[in-house]
Amino acid sequence: MQTNTLSNKPIGIFDSGVGGLSILRAMRKFLPAEHILYTADQAHIPYGPRQREDIRDFAFGITEFLLDRGAKLIVVACNTASAVALHDLRARYPEIPFVGMEPAVKPAAAQSQTGRVGVLATPTTFAGEMYHALVNRFAQGIQIYQNTCPGLVEQIERGELEAPATRAILEAALQPMLAENVDTIVLGCTHYPFVIPLIQDITGPDVHTIDPAPAIARQTQRLLDEHGWLNTSQAPGRLQFFTSGESASLEALLLPLLGETGIVTPVVWENSTLKAVHRS
Ligand code: DGL
């Protein structure tokens with residue numbers, strides 16, 4: 001197949017909810033011409049506390065849904081799903097480029113002056129082999145302090161980015177790290193970049209918080225360029241959104257979180273298959 005016919009195909013992006021919009025935000029800056037299919041599996045959010053097998057099934061079902069709609073590359077914009085399913089997805093679809101999330105332990109370790117780094121992520125991300133491999137490989141001589149943030153994903157899914165309850169969750173996770181003199185915070189969940197302003201307000205200006213989204217967008221650009229599949233159009237790419245949850249509530253969050261609006265099509269799970277519900 002001529003590579004240039006794929007350049008006009010969309011990129012598939014998915015997450016358990018709005019977290020992947022933090023990745024899409026960066027994609028729109030680096031790759032504005034790319035058409036996007038974004039899927040939020042909000043019927044199953046949060047993924048963090050779920051069984052690995054269930055998360056894997058969700059990731060495979062969503063990937064099939066996106067490939068059926070012509071996706072040329074898949075971004076697993078979810079640290080939890082990446083930790084559980086990325087390796088198996090690549091093995092099952094060797095012809096499809098996948099970009100996954102991994103906590104930014106390497107850049108954090110490289111830039112920390114105190115040699116003390118804090119990591120925020122979900123329990124499943126912390127339990128994954130990938131995370132431990134990253135720490136063993138890139139955090140030699142660095143003290144890692146890690147914490148989950150129970151309830152934070154739900155707060156962000158409600159758009160409550162500055163609510164007192166959101167601040168309380170972050171203070172509980174960050175203060176023990178600050179007491180240990182960490183100077184760099186790794187956001188190991190794609191929801192968390194939406195509360196960077198609140199995190200910085202809690203940590204103060206001397207602590208650096210790493211948003212992984214630009215690196216993911218650059219990696220996607222590199223992969224598309226290597227395959228000759230970059231969309232070189234001057235027109236902005238089309239955005240299509242799908243959710244297994246409430247389409248109206250996702251639509252309402254697009255402008256505040258992404259800075260753009262779009263139509264959200266509801267999808268439903270039929271066993272392990274995701275199907276679009278056509279609006280009447
Ligand atoms: N945003 C996802 C992540 O990066 C998942 C959060 C969740 O559903 O628990 O892990």
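The values are calculated or read from the model by the stated rules, or taken from the named source; none is laboratory data. What you see is a predicted model; the values in this text were computed from it and never measured. All Cβ positions, even for glycine, are placed from backbone atoms using ideal geometry, and neighbour counts span all protein chains on display. Areas reflect the complete protein model, heavy atoms only, side chains present, ligands, DNA and RNA absent. Shrake-Rupley method; radii C 1.70, N 1.55, O 1.52, S 1.80 Å.
Computed quantities for the displayed model
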quantity: Mean Cα-pair separation over length for the range 152-248, i.e. relative contact order, pairs under 8 Å, 6 or more apart, %; calculated: 23
quantity: Modelled FRET efficiency - R0 25 Å, Ile263 with Leu161, Cβ distances, 0.05 increments; calculated: 0.60
quantity: Rounded to 5, percent antiparallel among DSSP beta bridges of the chain; calculated: 10
quantity: Helix 79-92 vs. the chain, principal-axis angle (Cα, 0 to 90°, nearest 10); calculated: 40
quantity: Positive-end extreme of charge dipole, the range 206-280 - chosen from Ala248, Leu223, Ser233 (charges on Cβ); calculated: Ser233
quantity: Listed peptides 261-268, 32-39, 116-123, 228-235 by packing density, highest first (mean Cβ within 10 Å); calculated: 116-123, 32-39, 261-268, 228-235
quantity: Solvent-accessible area, 1.4 Å probe, carbon plus sulfur percent, for the chain; calculated: 50
quantity: Lys/Arg +1, Asp/Glu -1 at C-beta; the chain dipole; positive extreme among Leu152, Thr184, Thr63; calculated: Thr63
quantity: Shape call, the chain: gyration tensor on alpha carbons, a/c limit 1.5; calculated: prolate
quantity: Rounded, prolate or oblate (a/c below 1.5 giving rounded, otherwise prolate when a/b exceeds b/c) for the range 110-166 by Cα gyration tensor; calculated: oblate
quantity: Value of relative contact order over the chain, rounded to a whole percent, pairs C-alpha under 8 Å and six or more apart; calculated: 27
quantity: Cβ charges +1 (Lys, Arg) and -1 (Asp, Glu), total dipole of the range 34-186, debye; calculated: 360
quantity: Pairwise label distance in nanometres, Asp225 with Thr5, each label 7 Å out on the Cα-Cβ vector; calculated: 2.7
quantity: Rounded, prolate or oblate (a/c below 1.5 giving rounded, otherwise prolate when a/b exceeds b/c) for the range 169-266 by Cα gyration tensor; calculated: oblate
quantity: Förster radius 30 Å - calculated FRET efficiency between Ala235 and Glu95 (Cβ-Cβ, nearest 0.05); calculated: 0.60
quantity: Degrees between helix 52-68 axis and first principal axis of the chain (Cα, 0 to 90, nearest 10); calculated: 40
quantity: For the range 119-135, 3J(HN,Hα) per residue [Karplus equation, 6.51 cos²θ - 1.76 cosθ + 1.60, θ = phi - 60°, Hz, x = Gly/Pro]; calculated: 10, 10, 7, 8, x, 5, 4, 5, 7, x, 4, 4, 4, 5, 5, 4, 5
quantity: Mean separation of Cα contacts under 8 Å (6+ apart) over length of the range 1-159, as relative contact order %; calculated: 23
quantity: Accessible area in square angstrom per residue, the range 75-155, 1.4 angstrom probe; calculated: 43
quantity: On Cα atoms only, tilt of 247-258 relative to the major axis of the chain in degrees; calculated: 60
quantity: Selection from Ser7, Ala43, Pro94 lying farthest towards where the dipole of the range 1-94 points positive, charges on Cβ; calculated: Ser7
quantity: Point-to-point label distance, Glu246-Glu171, nm (Cα→Cβ direction, 7 Å offset); calculated: 2.8
quantity: Magnitude of the charge dipole, the chain, Cβ model with Lys/Arg +1 and Asp/Glu -1, debye to 20; calculated: 620
